[in-house]
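Q: My questions will all concern the structure given below.
Just so it is clear, none of the values below were taken in a lab; they were calculated from the coordinates. This structure is a prediction, so every number in the text was calculated from the model and none was measured. Ideal geometry is used to build each Cβ from the backbone, glycine not excepted, and the neighbour counts take in all protein chains shown.
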Amino acid sequence: MDIIADQFTLPHADLATAWNAIKLPAQVRERLQAQSLLALQLRQRFPFETMPVHGLIVLAGKPGTGKTTLARGLASQVATALKGTKCTLIQIDPHALNSSSLGRSQKEVSKLFHQTIPEHAAEGPCFVLLDEVETLAPDRQSMSFEANPADVHRATDAALAGIDLLTRKHRNVLLIATTNFPKAVDRALMSRADWIEEIGSPSAEHRTEIIVDALDQLATVWPRVRDLKPHIGSFVAASEGFDGRKLRKAIIAAAAVSIETARDLNKLKPEHVLTTLNALAEANPAEEAA
Ligand SMILES: Nc1ncnc2c1ncn2[C@@H]1O[C@H](COP(=O)(O)OP(=O)(O)OP(=O)(O)O)[C@@H](O)[C@H]1O
Ligand SMILES: [Mg+2]
C-alpha cells in the first residue's frame, strides 16, 4: 500500500472547492489560515529555542464534521496566499503504515519523515496531511504491550522523532493532522501542536448554508428543486445535531424516497426531505441530544 494517499500541486481548483464546501464560523477559517501563515513565516526567521513553532495544526472532532476536507482546503488556501510560490500537498494514509509487517512500520514512518517529506519540501513549501493521526501516533501511555506489539510503540517514537527533525531542518513544512479521537493520539504529539481546533457539528446558521449549497447544486440540473427553498427553516430545525456529512447525505437520501423522484428531482417535495430528516434524527437520538 502506498503511504501517500493523494498528492497535489497547489493551489488546486478541487481543493478550493473543498475549502468552500465546509461551512463553519468565519473566525475558525481565519484562525486556521493565519496560524498556518504565521508558522511558515516565524520558522523561517527565528530559532526554535526562542520561538517554538513546530508547524503542526490539529483538527479534532467527531466523524463527518469535515476535518479531512477542511485540511485539504486549508493547504490550498494558504498556498494561494503565498502568491507565486510552488507548493505541494501530500496526504498520508496512516493505515498503509499499520498494514506493514512487524518491524516495518517504524522504518516506514522514519522514511516518511527523513526522506519522502524532505524531498517534497526541497522544491517549496510542503503541506502534509496526517489524516487520522491516532493511527500514525497512538498514545503510548494507554497502550498495553500484550495488545499492541512494541513495534507500534516504536512507530510512535519514530513519528515524534520525525516531527522534531522537520521542525529543525525543514522549515517550510506545515503538518496538518486530523483526529476524531484526540485522547487516543500520543500526548507528546498533541503537545507539539501549535494550535488544536475543535471542529463541531454545524450550527443552525451553517446547516442553513449547507442545505442552500446542496439545493443550489441540484437546481442546476433540476430547476424545481428551488421550490424547496422556502422550507429550509423547517429542514434546519429537523436536522439539529446532524454533522455536515450526515446532513448532506440526508438531502440526497430524500431524493431516494421513490424511483420517480430519484429519476427526476424536480418531483422532490418538502415533505420528502422532512420525513427523511426526522427518520434519521430518530435513528440516532443520542447524536441529536449531543
Ligand atoms: N461543516 C460542514 N459543512 C459542509 N459540509 C460538511 C461539513 N462537515 C462535513 N461536511 C460534508 O461531509 C463530507 C465528509 O467530510 P470529511 O470526510 O472531511 O469529514 P471528517 O471530519 O474528516 O470525518 P472522519 O472523522 O469520519 O474522517 C464533506 O465532504 C462534506 O461534504
Ligand atoms: Mg477524515
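A quick yes/no check of all residues on (1) among the aliphatic types (A, V, I, L, M); (2) surrounded by 22 or more Cβ atoms within 10 Å (Cβ to Cβ):
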site: His153; (1), (2): no, no
site: Thr156; (1), (2): no, yes
site: Leu160; (1), (2): yes, no
site: Thr167; (1), (2): no, no
site: Asn172; (1), (2): no, no
site: Thr179; (1), (2): no, yes
site: Arg187; (1), (2): no, no
site: Met190; (1), (2): yes, no
site: Ile196; (1), (2): yes, no
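Q: Another question, then. Please specify each residue of the stretch 40-96 satisfying the condition of being within 13 Å of ligand 1 (Cβ to nearest atom) and out of contact with any Leu (no Cβ under 8 Å at 6 or more places or on another chain).
A: Val58, Ala60, Gly61, Lys62, Pro63, Gly64, Thr65, Thr69, Asp93, His95
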